[in-house]
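The values are calculated or read from the model by the stated rules, or taken from the named source; none is laboratory data. Just so it is clear, the structure is predicted and the values come from calculations on it, not from any experiment. Here the Cβ positions follow ideal geometry from the backbone for every residue, glycine too, while neighbour counts run over all protein chains shown.
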Amino acid sequence: MARCSKGRFRPLASRGVAAASAVATLLVCLLALSPAEAAVKVFGMKDWLAEAAERSLTAVYEHMPPSGSDESKASLLRVVTNRLLTGYAVEDLRVENDEVFVYLRRQSEAPEWSVTLNAPNLTAPVDAWFRADTEGLSKELADLMSGVPLESLAWGDAELKRVADEACSACLPGWRVSLMVRIVGENSMALETSFTPEQPLVLAVTPRISSTSIPAMLHSGLRYDLTKGYAPVIGLPVAWLVRHEDDFAAMNKEILKDEYLVDRAKATPEIEVKTGSVSEVDIELESARYAAWVWMAVYAGAEDKYPEVGLHFGRRASLLPGWTSELYLELITELDDFGLETRLGMRWSPWRNLWFGGEWSSKDDDWWLRASFAPRHKNPYAWARVNLEGETNAALGLRINDFFSVEIHYDSRDDDPWNLRAIVNL
C-alpha cells in the first residue's frame, strides 16, 4: 500500500521500522526456545486489525520458554505488544493456561477517515456499470477505517490491503485495488483507492447476426456499427464483463435500436453473449413487419436438376397474441430455361422460427401444406411440403454461416428424388 504524507508521515514510519527491528531481534532470541501452543485474543481494535495483531503475538508467545510462569510470560508479552503494535498501548494483559487475553487502548485520538474512489477512465455506458458496482463501497471502507490510528498502518497495512481486496472483489471482480493514505488536515486522513484491470482482458468482440427475415447482404452494415460500438468494453477485465453480461446485451440492443434498418423493419434482437478474451455476441434479429431474402441453389446427384435462383418477400403481422403471421410471395426460376414458378402462401409461427401454413404453386397449379424450422446458423434446419396428391418435397440442412448452407434434398416428383443441394443466401 502506497502512502503520501506531505512530509509528516516519514517520522512515524521511521519509528515503526525501529520498533519492528527491536521486536525482530527479540523474536530471533525466542525462536531458539521450545515452542508452545497458544490462543491469543486481542480486544480494543477493529476486527481486521485484531487478526493481524493476534497472528504477530501468537508467533511471539508460541516461542516463549514453556517453563516460565504466566506472570513472566505476561510481562514479556506486554513489552513486545507495546513496541510492536504502534498506535495502541496495553491496558490489560493476562495469561491463563496458555490462553492470552490482550486489552488495548489507542494512545491518541484516531483521525477522521474519509475514502475516495478513483474510478478508472471508462466511457459510457461502462462508467455507469462501475458506479453501480461501487455504490456503498466508500462507506464500507470508511467503516473499516473508523477509529484506526495512523500509526497502526506501520504493521497492519498488509491486513488492510487484504480486507480492502475482499470488499472490492465482491463487486469488482477482475480489478486490482491499490491504496494510498493521504493527510488532508490536522486530524483528517484520506484513504484513496485506484483500480487497475487484471488479466485476462477483453481484446476483441465478434458480433454474429442471424435472421430469417432480413437479407444477409444487409448484415455487414449492422456488424460494422456494432463493432464500432464495442470500443467501451475493449480492455476490460473478462471477469468483470461476465458479471455484466446482461448489461452488455442491453448495450448491443441500444446500438441496434439506432439503426435505420432495424427501426424500419420493427426488428427485435435476441442476444446471447459468450464472454472471453475474444468475446462473441450471437444476435438473432427478426422483423415483425417484413421478411425478404434471395438465394441461389446448386444440385448434386440429380441429372434433371439445374441451378435455380429464388426470391422470397413476405409481410408479417401479429393477428393473434403470441402468434406471428406472414403473407408471402416466392419467385423461383431455373437457370436452364428461365421458367418462372410463382408461389403464394400464408404461414404462422407459434414459437420463434417454427412455421407452418399453406401455399399455392403455379408450377403444377396445386396447393401445398408447408412446415419449417430454421434456427441460427451452425445449427441444423428442416422444411417439408406435401400437396393434396401426397407428393412430398423436403430437406434437412445445416446453415454454415450467414451466406452458405448445405442440405439433403428430397422431391418425390423427380426420377432421382434424393440429392445434395448447396445454397447461397443473399
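In region 365-421, the qualifying residues are those that are charged (D, E, K, R) and surrounded by fewer than 14 Cβ atoms within 10 Å (Cβ to Cβ), and the one that is nearest to Thr342 (Cα to Cα) is Asp365. Taking region 232-249 as the range and being assigned to a helix (DSSP H, G or I) and either free of Cβ contacts under 8 Å to residues at least 24 places away in the same chain or not small (Gly, Ala, Ser) (or both) as the test, the residues that pass are Pro232, Val233, Val238, Trp240, Leu241, Val242, Arg243, Glu245, Asp246, Asp247, Phe248. Within region 203-213, the set of residues being surrounded by 14 or more Cβ atoms within 10 Å (Cβ to Cβ) and in contact with a strand residue (DSSP E or B) (Cβ under 6 Å, 6 or more places away or on another chain) comprises Val205, Thr206, Pro207, Arg208, Ile209, Ser210, Ser211, Ser213. Scan (1) in a helix (DSSP H, G or I); (2) under 19 Å from Glu198 (Cβ atoms) for the single condition Arg131 breaks and write down its number. Failed condition: (2). Taking region 328-338 as the range and being exposed (fewer than 14 other Cβ atoms within 10 Å of the Cβ) and on the phi < 0 side of the Ramachandran plot as the test, the residues that pass are Leu335, Asp336, Asp337. Looking only at region 115-156, filter to residues that are surrounded by 14 or more Cβ atoms within 10 Å (Cβ to Cβ) and of a type in the set (Asp, Glu); which one of those is nearest to Glu51 (Cα to Cα)? Ranking the candidates gives Glu151 first. Apart from one condition, Ala297 fits all of (1) crowded, with 19+ Cβ neighbours inside 10 Å; (2) out of contact with any His (no Cβ under 9 Å at 6 or more places or on another chain); the exception is (2). Looking only at residues of region 195-221 that are among the hydrophobic types (A, V, I, L, M, F, W, C) and in contact with a helix residue (DSSP H, G or I) (Cβ under 7 Å, 6 or more places away or on another chain), we find that the one that is nearest to Lys253 (Cα to Cα) is Ile209.
Table: residues versus (1) at pLDDT below 95; (2) in the same structural domain as Asp258 (by TED's automatic domain parsing); (3) more than 21 Å from the chain's Cα centre (by Cα); (4) of a type in the set (Ser, Thr, Tyr).
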residue	(1), (2), (3), (4)
Asp165	yes, no, no, no
Met180	yes, no, yes, no
Ile183	yes, no, yes, no
Ile214	yes, yes, yes, no
Met217	yes, yes, yes, no
Val238	no, yes, no, no
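Of all the numbered requirements in (1) among the β-branched types (Val, Ile, Thr); (2) farther than 18 Å from Asn353 by Cβ; (3) surrounded by 13 or more Cβ atoms within 10 Å (Cβ to Cβ), Thr324 misses one, and that requirement is (2).
Each row is one residue, and each column tells you yes or no for (1) touching a His at 6+ places or on another chain (Cβ under 9 Å); (2) more than 30 Å from Phe404 (Cβ to Cβ); (3) among the β-branched types (Val, Ile, Thr).
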position	(1), (2), (3)
Leu141	no, yes, no
Gly147	no, yes, no
Glu159	no, yes, no
Gly185	no, yes, no
Ser194	no, yes, no
Leu203	no, no, no
Thr227	no, no, yes
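For region 321-331, the criterion of a residue being of a type in the set (Phe, Trp, Tyr), under 41 Å from the mean Cα position of the chain (by Cα) and over 27 Å from Glu389 (Cβ atoms) is satisfied by at least one position. Scanning region 382-426 for residues that are more than 25 Å from Ala216 (Cα to Cα) and of a type in the set (A, V, I, L, M) yields Val386, Leu388. In region 274-300, the qualifying residues are those that are part of a loop (DSSP other than H, G, I, E, B) and more than 23 Å from Glu198 (Cβ to Cβ), and the one that is farthest from the chain's Cα centre (by Cα) is Arg289.
Set side by side, the residues Asp127, Asp133 differ, and just one is assigned by TED's automatic domain parsing to the domain that holds Ser178 and either touching a His at 6+ places or on another chain (Cβ under 9 Å) or under 20 Å from Arg182 (Cα atoms) (or both), which is Asp133.
For Ser318, are the conditions met, namely being in contact (Cβ under 8 Å) with a residue 24 or more places away in the chain and either buried (at least 16 other Cβ atoms within 10 Å of the Cβ) or in contact with a Phe, Trp or Tyr (Cβ under 6 Å, 6 or more places away or on another chain) (or both)? So Ser318 fails the test.
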